[in-house]
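The values are calculated or read from the model by the stated rules, or taken from the named source; none is laboratory data. Since the model is a prediction, treat every value here as computed from it, not as a measurement. Positions of Cβ are generated from backbone atoms using ideal geometry, with glycine treated the same way; all protein chains shown enter the neighbour counts.
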Amino acid sequence: MDFSKHPLKIFFAYYKPHWHLFAADMACAVFMAAIDVAFPMFSRYALNTLIPNHELRLFLTLVAVLLAGFCIHKGCNWFVAYWGHVFGNRVEQDMRRDVFDHLEKLPFSFYDTHRTGKIMSRATTDLFEITELAHHGPEDFTVAILNLIGAFIMMLHIRWELALVVIVVLPIMIAIGIVSRRNLSKASVKVKETTAEVNAGLESSISGIRVTKGFNNEEFERGRFAVYNKQYSDAKQMRFKYMANFFTNIEFCNNLLSLTVLAVGGYFIMKGKMTLPDLVAANLFVAGFVAPVKKLNNFVEQFVTGMAGFNRFLEIMRTEPEPEDAPDAVEILSARGNISFKNVSFSYTSDFPILSGVNLDIRAGEKFALVGASGGGKSTICNLIPRFYEITGGEISLDGIDIKRIKKSSLRAQIGIVQQDVFLFAGTIRENIAYGKPNATDAEIEQAARRAEIHDDIMKMPNGYDSVVGERGIKLSGGQKQRVSIARCFLKNPPILILDEATSALDTATEIKIQHSFDELAKGRTTLVIAHRLSTIKNADKIAVVTDHGIAEQGTHDELMAKQGEYYKLRTVQEE
């Protein structure tokens, strides 16, 4: 779908897959409008002609016809109330599907600058009103217009002066609605924005609850959340104010219209220019005017709130995703693992370069270590290989092919990553290990766990592989979480492995045990190791020291120690 189009064109494009249901809904709504217009005319005809002339048979026939019409009206009303909302729900479902699909395509840079809670609001809260707008919007608008036109024509037939009164008052009511809508629209947008702030604050506080309790900062968090909550409450209160102005003004106009028709009609009756049944019918038509105007008011309210959420949905959908694969991009099934950086530069923002002139040659099957002070760019170098970020200059190649000419899905399939901060999904151990290969058999999962030396720990748990790990794996120890992530990589079986300070958060005994798992995992693979403890990479085939100025030096452990340069200084500091 082209999301550069006008928002309304995009909105109605979501109707297309469900147009049969929408057409049936609108047909029912139109029939209901026809019945609503017919009843006042029948009342007038009955009061003016049938009842005075005692035409009982025709009167009962018309009553029976109207009764049948009202029965059908009831069925149509049920269809609109149920299937109309089902239609709106399906439109909302499609939008939520698309926004999630798009979120999956957005680059790391997007998530670096947007809070999780706010992103969640775009996919949930912002779309809540879409169901009502998608269903009631076109229906209320169409029915209201048909009722207004029908009632106006019938009013002309009764007394053109009364129709003139209506035609004068209606534009005033519409003008009030338009003016009120602007303020209501701004208030609705503000409510959406503050809802996102509340969600972001709530998500952050819940995720960090253990830190909060550890520092005894519950009162601080309550105070911080109270600020978000107050902003949200104030925004809703302002919206209620504009909404109250909107509806009370319209209601006053409705009452004024009824009073004016009564006054003008009463005058004509006293002058003998109009009958009482005509005035009764006219008042029924006034109600026929009031109901559509209320529907239009509801439509304005739904449109304002729904489009406020829809426009925030469009903000996400219009965010540039990761670059598409090049037209000539190739797919690699099994990489050898030769990685080359040629004069690579990178910056997160144009005014703050992170890497400049980086040159590295990593041979297939080699264990290549990156060391240096925090913030030097070690993790950035590793994140550039699977194209989590796009380089700003130079070239990175895999087996002699520029990675920009390799399909991203194919490229990332060749790489396994184990990080210091292991993320486990809130499911079972089996599900978390199987994330490395979603269609893996139980036997394959168990084999991966054995190779990661976590199988015995799993079997000691109450439910074995079906044990729930808790939010972010909170029920497992740091070492257990790390070995589950290693088992994932065994299951994925990639030819390239990236270990991003994967043991720096563990105690020495656990680190030694897990190091055996890493050694097993690294066999036959090109392995990049970002090391915090330099003792763990002493046997690396090559070591590169990364500083703020780029790659300071490269070589084996012995070569770098002999140079007594940056690596020597780092080792000396750690051994003191």
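Kindly establish whether residue 504 is touching a strand residue (DSSP E or B) at 6+ places or on another chain (Cβ under 6 Å) and either assigned by TED's automatic domain parsing to the domain that holds residue 363 or modelled with pLDDT of 80 or more (or both). Please lay out each step first, then the result.
Values: touching a strand residue (DSSP E or B) at 6+ places or on another chain (Cβ under 6 Å): no; either assigned by TED's automatic domain parsing to the domain that holds residue 363 or modelled with pLDDT of 80 or more (or both): yes.
No, not satisfied.
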- Message: With the structure loaded, tell me whether residue 472 is at positive phi, assigned to a helix (DSSP H, G or I), under 34 Å from the mean Cα position of the chain (by Cα) and at pLDDT below 85 or whether it fails that test.
- Response: yes
- Residue among 31, 12 that is within 48 Å of the chain's Cα centre (by Cα) and more than 24 Å from residue 158 (Cα to Cα): 12
- Message: All but one of (1) within 25 Å of residue 383 (Cα to Cα); (2) surrounded by fewer than 17 Cβ atoms within 10 Å (Cβ to Cβ) hold for residue 102; state the number of the condition that does not hold.
- Response: (2)
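Can you pull out every residue in the stretch 329-354 that is part of a strand (DSSP E or B) and either modelled with pLDDT under 85 or among the β-branched types (Val, Ile, Thr) (or both)? Break it down into steps so the answer makes sense when it comes.
So the first thing to find is which residues in the stretch 329-354 are part of a strand (DSSP E or B), and the list is 330, 339-349, 352-354.
Of everything in the stretch 329-354, those that are part of a strand (DSSP E or B) and either modelled with pLDDT under 85 or among the β-branched types (Val, Ile, Thr) (or both) turn out to be 330, 339, 344, 348, 349, 352, 353, 354.
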- Only one of (1) in contact with a Leu (Cβ under 8 Å, 6 or more places away or on another chain); (2) crowded, with 17+ Cβ neighbours inside 10 Å does not apply to residue 58, and that is (2)
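In the stretch 354-376, what residues are among the charged types (D, E, K, R) and crowded, with 20+ Cβ neighbours inside 10 Å?
Pass one, the stretch 354-376, residues among the charged types (D, E, K, R): 361, 363, 366-367.
Listed by number, the list holds a single entry, 367.
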- Being over 12 Å from residue 367 (Cα atoms) and part of a loop (DSSP other than H, G, I, E, B) is the filter; apply it to the stretch 538-560 and report the residue that is farthest from the chain's Cα centre (by Cα). 549
- Note on the structure: Across (1) among the β-branched types (Val, Ile, Thr); (2) surrounded by 12 or more Cβ atoms within 10 Å (Cβ to Cβ); (3) assigned by TED's automatic domain parsing to the domain that holds residue 409, residue 349 clears everything bar (2)
- Query: Filter the stretch 236-282 for residues that are out of contact with any Lys or Arg (no Cβ under 8 Å at 6 or more places or on another chain), farther than 19 Å from residue 164 by Cα and of a type in the set (D, E, K, R); which is surrounded by the most Cβ atoms within 10 Å (Cβ to Cβ)?
  - Reply: 236
- Task: Could you give me the residue pairs with C-beta distances under 8 Å whose first residue belongs to the stretch 47-67 and is in the same structural domain as residue 36 (by TED's automatic domain parsing), whose second residue is in a loop (DSSP other than H, G, I, E, B) and of a type outside the set (A, V, I, L, M) wherever it lies, and which are 6+ apart or on separate chains?
- Result: 48/275; 49/55
- Restricting the search to the stretch 141-177, which residues are at pLDDT below 75, over 26 Å from residue 248 (Cβ atoms) and surrounded by 18 or more Cβ atoms within 10 Å (Cβ to Cβ)? 154, 158, 159, 163
